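Each remark here refers to the structure printed beneath this line.
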Amino acid sequence: MSSEDVAANLRHVLDAVAAAEAAAGRPAGSVRLVAVSKTQPAAVIRPALAAGHRRFGENRVQEAEGKWPDLRAEYPGIELHLIGPLQTNKVREAVALFDVIETVDRPKLARALAIEMTRSGRRPDCYVQVNTGEEPQKAGILPAEAEAFVTACRDEHGLPVTGLMCIPPADEDPEPHFRLLRDLARRTGLGVLSMGMSGDFPAAIACGATHVRIGTAIFGARPRP
Ligand SMILES: *Cc1c(COP(=O)(O)O)cnc(C)c1O
C-alpha cells in the first residue's frame, strides 16, 4: 500500500460511514471509525495519522507496545483500542497502553483489570465482548450471561464499562447478531456499540453501531504472520 492509497481508502471509508449514517437517519458524526492497524507496520499507519485520523485498534498487546509509543510521541491525541483477547498476565501492559479495552469477557479478567486500575490510577473505558454466535472457539461472554456480567463488572468490580462489542460468525448474516447486541445494550443501559468490520459495517450502522472497526478496507490485505 502506498501512502496515497491509505489516505484515499481512509477517505472512502469515512464517506461510506457518513452515507450509512444518513441512510439510517442517524446524525452525522454519530459513528466513530476505529482503524484496525493490527499486523501493519508503522510505515503503513503513518499516512492515516498524517491525514488526521487518531482512533486505532490493535489485537495484540505486545505488538501494540512495539509500534504505538513512538507514534504517540509524534502525533498527539491518539485513542488506542484493544480489540483482541486479553490474557490476565498482560493486564498491566494493556491498562498502561490502551484507552479502550473492547474485549472484557470473563470474571477473572474483570477482577484483574479492577486491581490494575486501582494500582495504576489509569481507567481505560471497557466494553464487554459478547459471543453472539455462541461459537465455542470464539472469545466473549454468552448472550444469556451478558446482563449479569455487565452488572458485576460495574457494581462489583467498579470497572468503567461503557459499551458492548461483538464479532459475528464469519459465515452468517451479521444482522441478527448486530440486533442482539443492540438489544443487550438497551437492557444494560450502555450507549456504545462496537460492531461492523470492512465487510459489513453499513449493516452494523443501520443496526445502531457507534463504533465500527475497519482494517482491510483502509490498509489493504494484512501481511501474513
Ligand atoms: C481484524 C479485526 C477487525 C477488522 O477486520 P477487517 O475485516 O480487516 O476490517 C475488526 N474487529 C476485530 C476484533 C478484528 O480482530
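The values are calculated or read from the model by the stated rules, or taken from the named source; none is laboratory data. All of these numbers come straight from a predicted model, not from anything done at the bench. Counting neighbours? That spans all protein chains shown, and the Cβs are built from the backbone with ideal geometry, glycine included. Remember, those area values only see protein heavy atoms, side chains included, never the ligands or the DNA or RNA. Shrake-Rupley method; radii C 1.70, N 1.55, O 1.52, S 1.80 Å.
Odds and ends about this structure:
- Among residues of segment 79-100 that are within 22 Å of ASN131 (Cβ to Cβ) and of a type in the set (D, E, K, R), those with a beta-carbon under 7 Å from a residue that is within 16 Å of the ligand (Cβ to nearest atom) and modelled with pLDDT of 95 or more at least six positions away or on a different chain give the pairs LYS90/VAL61.
- Count - residues of segment 150-178 that are open to solvent by less than 50 Å² (accessible area, probe 1.4 Å), away from the ligand (no atom under 16 Å from the Cβ) and within 19 Å of the chain's Cα centre (by Cα): 6
- Of all residue pairs spaced 6 or more apart or on separate chains, those with beta-carbon atoms under 7 Å, a first member in segment 40-66 that is surrounded by 20 or more Cβ atoms within 10 Å (Cβ to Cβ) and a second member that is among the β-branched types (Val, Ile, Thr) and assigned to a strand (DSSP E or B) are PHE56/VAL34; GLY57/VAL34; GLY57/VAL36.
- Considering each residue of segment 69-89 in turn, none proves to be open to solvent by less than 10 Å² (accessible area, probe 1.4 Å) and among the β-branched types (Val, Ile, Thr).
- Scope segment 187-214; condition within 30 Å of GLU116 (Cβ to Cβ) and among the charged types (D, E, K, R); matching residues: ARG187, ARG213
- Taking segment 122-139 as the range and being part of a strand (DSSP E or B) and either open to solvent by 30 Å² or more (accessible area, probe 1.4 Å) or basic (Lys, Arg) (or both) as the test, only ASP125 passes.
- Of all residues in segment 78-89, at least one satisfies being β-branched (Val, Ile, Thr) and within 16 Å of the ligand (Cβ to nearest atom).
- Search result, residues across segment 112-128 that are farther than 11 Å from VAL161 by Cα, of a type outside the set (A, V, I, L, M) and within 20 Å of the chain's Cα centre (by Cα): ARG122
- Among the residues making up segment 193-219, those that are open to solvent by less than 10 Å² (accessible area, probe 1.4 Å), β-branched (Val, Ile, Thr) and within 13 Å of the ligand (Cβ to nearest atom) are VAL212, ILE214, ILE218.
- Only one entry of LEU181, LEU190 meets the criterion of being of a type in the set (A, V, I, L, M), outside any helix (DSSP H, G or I) and away from the ligand (no atom under 12 Å from the Cβ), and that entry is LEU190.
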